[in-house]
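Since every read-out is calculated from the coordinates, none of them should be taken as a lab result. Just so we're clear, the structure is a prediction, and the values are computed from it rather than from any experiment. Backbone-built Cβ (ideal geometry, glycine too); neighbour counts: all protein chains shown.
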Amino acid sequence: MTQVSKYKLRVEVEQRIYELLSDSLAKIKDKGEMNNFLDDFFSPTEKTVMAKRLAIAVLLSKGNDYQEIRQILRVTPVTISKMNLRMKYGNGSVKKIADKIAISDDNKALLQELASVFDVPTKGLPISDYHYKVRERSQKINRLKKEI
């Protein structure tokens, strides 16, 4: 587990360094630059912890129950519960972001489902090609629904 120094910072210093971190992250607009920053700044364990917390929030937003989240992410019910409490009683930022991610994922699946409505056999196209296209789209929809 990540260790924090036993020496406490003055409140104004702590606030200033949090502000510096927040401002620095807000300035990164490029995904590649963000990935490089995260790789350099956080240990692999810290990145995994943060990614799992976000994934828990998104899965909770999508309506997954604790057992499903536990199986998917290999986390304890206590970890899920802590994130659930933060989403319910925190300042709302985690819930807002998780809901945006969940909605965008749902929209990807919805768009694929809508596109599948137009998968009709066309004149001259062998029926096996049509079935292949329908099966391929169905698999893509299922994959999108399972993704975070």
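Can you tell me the order of 7-16, 37-46, 92-101, 53-62 when each peptide is scored by its average per-residue count of other Cβ atoms within 10 angstrom, highest first?
53-62, 92-101, 37-46, 7-16
Tell me the label-point distance for the pair Ser5, Phe41, using the 7 Å Cα-to-Cβ offset, in nm and rounded to one decimal.
1.9 nm
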